[in-house]
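The values are calculated or read from the model by the stated rules, or taken from the named source; none is laboratory data. Here the structure is a predicted model, which is why all the values come from computation and not from measurement. FYI the Cβ positions are ideal-geometry reconstructions off the backbone, even for glycines, and counts take in every protein chain you see.
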Amino acid sequence: MLSIGLIDANIHAGGMKDDESPISIVGRWLEWELKRYGIILVSPDIADVLLIVFSGMIGFASSVKRQLTKVRANLSAYKITGGAISANWPAAFLVCDALAVGEAYEFIREIGKIISGNGTVQDIKRFILEYPNAIEKGQVADIKRDSQKPWLLDRQYEIVATPNSFIDWNVPPIKPDDGVIRVIGSKGCHSKCLFCSTSFAQEYQYMPEQIALAEKINFFGHNHKVQLLSNDPADLHSFRLLKIKLDSNSFTIKSLRNPDIFRSLLRSKSGMVRIGVEGVSERLRRAVGKPITNDELFRIVLELADHKFHQQLFFISGLPFENDSDWLEMMEFNKRLAVELHSGLLRLKFTTYNPTPPAPLCRFVPPRSIFSRYQEFAKWRFENAVSRWMYIISGIGNRNKPGDTGNYGLALAELLNLSRAQADSLMQSDNVFDLAPTFDEFKRMPHNIIGWPIDASLRYRMTEIYKRRTNIVAEESSNAKQQF
Ligand code: SF4
C-alpha cells in the first residue's frame, strides 16, 4: 500500500510532534480522516505521497521548499496541496504535483479510498485529472504568459477547476498542539471586504444545526479552552446559546451593532475580542465595503473596555489609493483612545495589504510609499499617543528605517509569479500599479482559470466601484502604460 506523509509548511520540524502526531488543526484533521481508511501517516522521508499543508496565502513555495529540505522529505514523492494557495496555482506548482481546490473533505476521502484499495500513484493522478475540484500539474503545462505583461496569461483560458463546497459538519472537534479545542461553526464570510481572498474563494456557509452546535460546545464545560471557528461567530445563532467562556474570537462591527448579539458577547466573557476594522480611515472602510465611523468604533472599544474585555483591532495598511489624510485620521483616532481608554488591553494590529487573488482588489499593487507612510505613523505613535492600555503590533518594516519593505518584494514576486527584480519594479512609482486596467486583462489574471463563486465580470465591476469610492479616475490610477 502507498504510504502518506505530512508536510506542514507553517510549522517547524515538518508539522509532526515527535514524528508521531500532527501539530496543526489541518494536520490533525488529515490524520483523523486517513485513519478511517486504515492509513497511518509516515515520516516524510519514506512517504510515497506527501500532503502539503499551508495556511497562508503568500510565501508558499519558499516555505514548502525549506520544510522539504529540513525534514529530508522524499523529493520524488507525489506532492498534493490545497486550501488558500489554489488561487495562486502557479506558486503551488513550483513545488507540488496536484492541487485540491476549495474544501477538501471529499477529495481526501477519495485519495483515502484509492490508497486503501492498493491504488498506485498513477491511479491518484488519473482520479485528479477527472475530478472537477482539483488540478493536476499536467493540466496547466500548456498555459502561457503574456510576453509584455508577464503577470497575465496570453489569453483567456477555459475554467480548469471549480472550488468544492462540501463541508462535513460532523467532523469531531479538533485539539491541536496549542491545547485549544476548535469547533467549526462556519466557513467563508458573510462580509465581502474587497481585499479579502477568504470571502471571495468560497460561499458563506454555516453549520445548519445551530442548537446542536451550541450543545457540542457547552459540553466541554469551563475546564477547557474552546474556540468557535468562524470569521464572525456572533453572526451564528449558536453563539447566543453558549454557556461557557470562549477562548479568543473574531467579530465584525456589523454583528456587534445588533444589541442582542452585543449582549451575548458580554455574557460570553470571551478571553480576547478581535475585531476586523480593516481600513485606517472612514473613507477606506467605506471603499472596501465595511463602513464603520470612527465614532462608532470608539464607542464600541470603550464599552468593551468597561466590561473588562481585552481587545485586538485589525487594520490593513497600504490599501490601494490610501493617502496621507487617511493616516492623519488614524492619528486622531489614536489620540482619542490614548486619552479616553482607562482599562483593558487594546492591541492595534497592522497588516500590510497584499494583492491576493481571488479578491477583487488583487489587480492593484501598492507603491513603495506605503511603507514610509506607515513607518511615519508608527514613529509618531511611539513619540506621542502613548498609553499604558494600548499598543500596536507592526505588520511591516522597521520604524527606524524609513521605506524599508522587509520581505514584501519577495512575497509579491511569488504572488505575481515574477522575479524579485520585476516585482520590485512594479512598486517603484508613486502610484498604485494597476495589473489589469481593462476587463479583458482582468480575465487573463492567472486565478481566473478557476471558476470562483463570484464571476470575473462582477469582481471587476467591484474594483471599478472601489476606485470611484476612493475618488480615483482611471487615468490617475493606472500606470499600466508605463514601460515594464
Ligand atoms: S476581512 Fe474578515 S470580515 Fe472582511 S470578508 Fe474577510 S473574513 Fe470577512
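What to note about this one:
- Inside segment 122-173, residues that are hydrophobic (A, V, I, L, M, F, W, C), in a loop (DSSP other than H, G, I, E, B) and under 21 Å from Lys35 (Cα atoms) make up a count of 4.
- Flag if Leu68 is farther than 26 Å from Trp169 by Cα and out of contact with any helix residue (DSSP H, G or I) (no Cβ under 7 Å at 6 or more places or on another chain): yes
- For segment 176-189, filtering for residues that are more than 27 Å from Ala287 (Cβ to Cβ) and either near the ligand (Cβ under 8 Å from one of its atoms) or acidic (Asp, Glu) (or both) leaves 2.
- Which numbered condition Arg274 fails, given (1) part of a helix (DSSP H, G or I); (2) of a type in the set (Lys, Arg); (3) at pLDDT below 95: (1)
- Odd one out for Ser372, checked against (1) free of Cβ contacts under 8 Å to residues at least 40 places away in the same chain; (2) buried (at least 21 other Cβ atoms within 10 Å of the Cβ): (2)
- Within segment 31-40, the set of residues being in contact with a Lys or Arg (Cβ under 8 Å, 6 or more places away or on another chain) and either among the acidic types (Asp, Glu) or modelled with pLDDT under 90 (or both) comprises Glu33 only.
- Selected residue (only one of Ala234, Ala201, Ala214 is more than 26 Å from Leu319 (Cα to Cα), within 16 Å of the ligand (Cβ to nearest atom), touching a residue at least 12 places away in the same chain (Cβ under 8 Å) and not hydroxyl-bearing (Ser, Thr, Tyr)): Ala234
This table checks each residue for (1) surrounded by 20 or more Cβ atoms within 10 Å (Cβ to Cβ); (2) in contact with an Asp or Glu (Cβ under 8 Å, 6 or more places away or on another chain).
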| site | (1), (2) |
| --- | --- |
| Ala87 | yes, no |
| Val101 | yes, no |
| Phe107 | yes, no |
| Ile111 | yes, no |
| Ile115 | yes, no |
| Asn118 | no, no |
| Asn133 | yes, yes |
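- Residue that is farther than 22 Å from Pro355 by Cα and surrounded by 23 or more Cβ atoms within 10 Å (Cβ to Cβ), where the choices are Leu284, Leu302, Leu228, Leu256: Leu228
- Whichever residue in segment 277-300 is closer than 17 Å to Ile370 by Cβ and outside any helix (DSSP H, G or I) and, among such residues, is farthest from the ligand (Cβ to nearest atom): Ser281
- Failed condition for Phe314, given (1) away from the ligand (no atom under 16 Å from the Cβ); (2) touching a residue at least 12 places away in the same chain (Cβ under 8 Å): (1)
- Filtered by the rule that a residue be under 10 Å from Phe195 (Cα atoms) and in a helix (DSSP H, G or I), segment 338-362 gives Pro360, Leu361, Cys362.
- Selection status of Thr162, within 16 Å of the ligand (Cβ to nearest atom) and either β-branched (Val, Ile, Thr) or over 27 Å from Ile316 (Cα atoms) (or both): no
- Qualifying residues in segment 268-300 (those that are in contact (Cβ under 8 Å) with a residue 24 or more places away in the chain and over 25 Å from the mean Cα position of the chain (by Cα)) - the one farthest from Lys243 (Cα to Cα): Asn294
- Within segment 41-63, the set of residues being β-branched (Val, Ile, Thr), in contact with a helix residue (DSSP H, G or I) (Cβ under 8 Å, 6 or more places away or on another chain) and at pLDDT 95 or above comprises Val49, Ile52.
- Within segment 203-225, being buried (at least 21 other Cβ atoms within 10 Å of the Cβ) and under 25 Å from Leu458 (Cβ atoms) holds for one residue alone: Tyr206.
- Test result for Lys192, surrounded by fewer than 22 Cβ atoms within 10 Å (Cβ to Cβ), within 12 Å of the ligand (Cβ to nearest atom) and basic (Lys, Arg): yes
- Residue that is nearest to Arg155 (Cα to Cα), among those in segment 420-451 that are among the polar types (S, T, N, Q) and over 23 Å from the mean Cα position of the chain (by Cα): Thr438
- Any hit, segment 261-271, residues being basic (Lys, Arg), in the same structural domain as Ala359 (by TED's automatic domain parsing) and within 16 Å of the ligand (Cβ to nearest atom): no
- Meets criteria (among the hydrophobic types (A, V, I, L, M, F, W, C), part of a strand (DSSP E or B) and at pLDDT below 95) for Phe371: no
- Qualifying residue in segment 400-412 (condition: touching a strand residue (DSSP E or B) at 6+ places or on another chain (Cβ under 6 Å), closer than 28 Å to Ala84 by Cα, at pLDDT below 80 and assigned by TED's automatic domain parsing to the domain that holds Lys349): no
- The numbered conditions (1) over 17 Å from Trp389 (Cα atoms); (2) crowded, with 19+ Cβ neighbours inside 10 Å are all true for Leu328 except (2).
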